[in-house]
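Enquirer: One structure follows; several queries about it will come next.
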Amino acid sequence: MNANPDLFSTLETLATEQRNPASENIDTEPIWKILEIINTEDHLVPIAVRREIPQIARLVEWVETAFRSGGRLIYVGAGTSGRLGILDASECPPTYGVPPEWVDAVIAGGPDAVFRSKEGAEDVPEDGMQELRNRSVSDRDVVCGIAASGRTPFVFGALEYAHQVGAKTILITTNPRHSEDTFIDLVICPIVGPEVVMGSTRMKSGTAQKLVLNMITTATMIRLGKVYKNMMVDLQMTNEKLIERSKRIVMLATDVSYDEAQAALEAADGHVKVAIVMILNRVDPNEARSILLETDGFVRKLVQ
């Protein structure tokens, strides 16, 4: 067992490593009370996230700019934080029809760490740097480190490399901001307080991170015209559920029947947005695609 008194001293000061007074006797409580304590603490999370909306909005602007200029959003994390980045990245292509490389995710320990914990992998900053070298990160990209503690070496190595090549660098943490990290352009820090189980940052901290990641990619996709009203109009029809959802979206957007929606989707080669424009403008698929090019992919502009 190695001794690391400096790390010990750091952990002592982190908000996420403190004992929570509300749960000090949780090991003596009945099941219903344990669950009530957890649930009560979870109510603090969205409030903490809401306080960070100005910073999240700034990040969305950067990500939108990156996508429009051929750049990417790259999440970097370890453990729970890394898995949440992978979850958000993997769901963007089917939901919004974007190329998988638009939103990428790196986890300490590699793909195997998604399914089986590799806690020691987070301790090597050079590994984080190498992962970004392997992805040829450039000044067009946005690199978003996710670390509840705000100090994970793997994540900070990646962020330092990203800064060196001119990429925008962001840290999402659930501990307060500190100013000495000059290679980080923006810090998003919903302060959720001590965890119900001391140091178990898969709980409130993980929930806060998931909410922030949802906001980043969803708001960006809306800004890129991937949503009409509140419907995903660039989804990919990759399974039966999404095929039927696509028909329903066309029906809701154009007030046509089920059969008419299906026929339009078939003519549009499964592209929901194209099918909607075909119906609304009474044009063929090629004309619909040309119209969408003129409106930068926004269906709303056609309606207005």
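The values are calculated or read from the model by the stated rules, or taken from the named source; none is laboratory data. Owing to the predicted nature of the structure, the values given are computational and were not obtained by experimental measurement. Cβ coordinates were reconstructed from backbone atoms using ideal geometry, including for glycine residues, and neighbour counts include every protein chain displayed.
Enquirer: Out of the range 138-149, which residues are buried (at least 24 other Cβ atoms within 10 Å of the Cβ) and either among the basic types (Lys, Arg) or farther than 17 Å from ARG68 by Cβ (or both)? Before the answer, list the steps.
Expert: The first filter runs over the range 138-149 and keeps only residues buried (at least 24 other Cβ atoms within 10 Å of the Cβ), leaving 141-148.
VAL143, CYS144, GLY145, ILE146, ALA147, ALA148 - these are the residues of the range 138-149 that are buried (at least 24 other Cβ atoms within 10 Å of the Cβ) and either among the basic types (Lys, Arg) or farther than 17 Å from ARG68 by Cβ (or both).
Enquirer: Would you check if ARG245 is assigned to a helix (DSSP H, G or I) and either surrounded by 15 or more Cβ atoms within 10 Å (Cβ to Cβ) or touching a helix residue (DSSP H, G or I) at 6+ places or on another chain (Cβ under 9 Å) (or both)? Before the answer, list the steps.
Expert: Numbers: assigned to a helix (DSSP H, G or I): yes; either surrounded by 15 or more Cβ atoms within 10 Å (Cβ to Cβ) or touching a helix residue (DSSP H, G or I) at 6+ places or on another chain (Cβ under 9 Å) (or both): yes.
When the stated conditions are applied, ARG245 passes them.
Enquirer: Out of the range 100-149, which residues are at positive phi and among the hydroxyl-bearing types (Ser, Thr, Tyr)? If you could, list the steps in order and put the result at the bottom.
Expert: Step one: filter the range 100-149 for residues at positive phi, giving 109-110, 136.
Within the range 100-149, just SER136 meets the criteria.
Enquirer: Sticking with this one: How many of the residues in the range 186-196 are among the β-branched types (Val, Ile, Thr), over 19 Å from LEU159 (Cβ atoms) and surrounded by 22 or more Cβ atoms within 10 Å (Cβ to Cβ)? Reasoning before the result, please.
Expert: As a first pass, look at the range 186-196 and keep what is among the β-branched types (Val, Ile, Thr): 187-188, 191-192, 196.
Subset that is over 19 Å from LEU159 (Cβ atoms): 191-192, 196.
Then drop every residue that is not surrounded by 22 or more Cβ atoms within 10 Å (Cβ to Cβ), which leaves 192.
Qualifying residue count for the region: 1.
Enquirer: Against the condition out of contact with any strand residue (DSSP E or B) (no Cβ under 8 Å at 6 or more places or on another chain) and free of Cβ contacts under 8 Å to residues at least 24 places away in the same chain, how does SER136 come out, does it pass? Steps first, answer last, please.
Expert: Values: out of contact with any strand residue (DSSP E or B) (no Cβ under 8 Å at 6 or more places or on another chain): yes; free of Cβ contacts under 8 Å to residues at least 24 places away in the same chain: yes.
Criteria met by SER136.
Enquirer: Restricting attention to the range 287-304, does a residue exist that is crowded, with 19+ Cβ neighbours inside 10 Å, of a type in the set (Val, Ile, Thr) and under 27 Å from the mean Cα position of the chain (by Cα)?
Expert: yes
A quick yes/no check of all residues on (1) buried (at least 19 other Cβ atoms within 10 Å of the Cβ); (2) more than 19 Å from the chain's Cα centre (by Cα); (3) not in a strand (DSSP E or B):
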{"position": "VAL45", "(1), (2), (3)": "yes, no, yes"}
{"position": "VAL49", "(1), (2), (3)": "yes, no, yes"}
{"position": "ALA57", "(1), (2), (3)": "no, no, yes"}
{"position": "VAL63", "(1), (2), (3)": "yes, no, yes"}
{"position": "GLY71", "(1), (2), (3)": "yes, no, yes"}
{"position": "VAL76", "(1), (2), (3)": "yes, no, no"}
{"position": "LEU84", "(1), (2), (3)": "yes, no, yes"}
{"position": "PRO93", "(1), (2), (3)": "no, no, yes"}
{"position": "PRO99", "(1), (2), (3)": "no, no, yes"}
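Enquirer: Does the range 173-196 contain any residue that is of a type in the set (Lys, Arg), touching a residue at least 60 places away in the same chain (Cβ under 8 Å), assigned by TED's automatic domain parsing to the domain that holds PRO125 and not in a helix (DSSP H, G or I)?
Expert: From the range 173-196, those of a type in the set (Lys, Arg) are 177; that's our starting set.
Add one more test, that the residue is touching a residue at least 60 places away in the same chain (Cβ under 8 Å), and what stays is none.
Among the residues of the range 173-196, not one is of a type in the set (Lys, Arg), touching a residue at least 60 places away in the same chain (Cβ under 8 Å), assigned by TED's automatic domain parsing to the domain that holds PRO125 and not in a helix (DSSP H, G or I), which makes the answer no.
Enquirer: So ASP296 passes all but one of these: (1) closer than 17 Å to TYR96 by Cα; (2) modelled with pLDDT of 95 or more; (3) not hydroxyl-bearing (Ser, Thr, Tyr). Which condition number does it fail?
Expert: (2)
Enquirer: Scan the range 197-223 for residues that are surrounded by fewer than 19 Cβ atoms within 10 Å (Cβ to Cβ), assigned to a loop (DSSP other than H, G, I, E, B) and in contact (Cβ under 8 Å) with a residue 12 or more places away in the chain and jot them down.
Expert: Those that are surrounded by fewer than 19 Cβ atoms within 10 Å (Cβ to Cβ), assigned to a loop (DSSP other than H, G, I, E, B) and in contact (Cβ under 8 Å) with a residue 12 or more places away in the chain: VAL197, MET198, GLY199, ARG202.
Enquirer: Right, something else. Check whether at least one residue in the range 152-160 is out of contact with any helix residue (DSSP H, G or I) (no Cβ under 7 Å at 6 or more places or on another chain), of a type in the set (A, V, I, L, M), in the same structural domain as ALA15 (by TED's automatic domain parsing) and within 22 Å of ILE56 (Cβ to Cβ), and report yes or no.
Expert: yes
Enquirer: Oh, and also: Which residues, counting only those in the range 101-115, are surrounded by fewer than 18 Cβ atoms within 10 Å (Cβ to Cβ) and either touching a Leu at 6+ places or on another chain (Cβ under 6 Å) or of a type outside the set (Gly, Ala, Ser) (or both)? I'd like the intermediate steps shown before the answer.
Expert: To start, the set of residues in the range 101-115 that are surrounded by fewer than 18 Cβ atoms within 10 Å (Cβ to Cβ) comprises 101, 110-112, 114-115.
Once the filter is applied, which keeps residues that are surrounded by fewer than 18 Cβ atoms within 10 Å (Cβ to Cβ) and either touching a Leu at 6+ places or on another chain (Cβ under 6 Å) or of a type outside the set (Gly, Ala, Ser) (or both), the range 101-115 yields GLU101, PRO111, ASP112, VAL114, PHE115.
Enquirer: While we're here: Kindly establish whether VAL283 is in a loop (DSSP other than H, G, I, E, B) and among the aliphatic types (A, V, I, L, M).
Expert: On the way: in a loop (DSSP other than H, G, I, E, B): yes; among the aliphatic types (A, V, I, L, M): yes.
The answer is yes for VAL283.
Enquirer: Residue by residue through the range 8-23, note down the ones that are of a type in the set (D, E, K, R) and either surrounded by 16 or more Cβ atoms within 10 Å (Cβ to Cβ) or modelled with pLDDT of 95 or more (or both).
Expert: Filtering the range 8-23 down to residues of a type in the set (D, E, K, R) leaves 12, 17, 19.
Passing the criteria: only GLU17.
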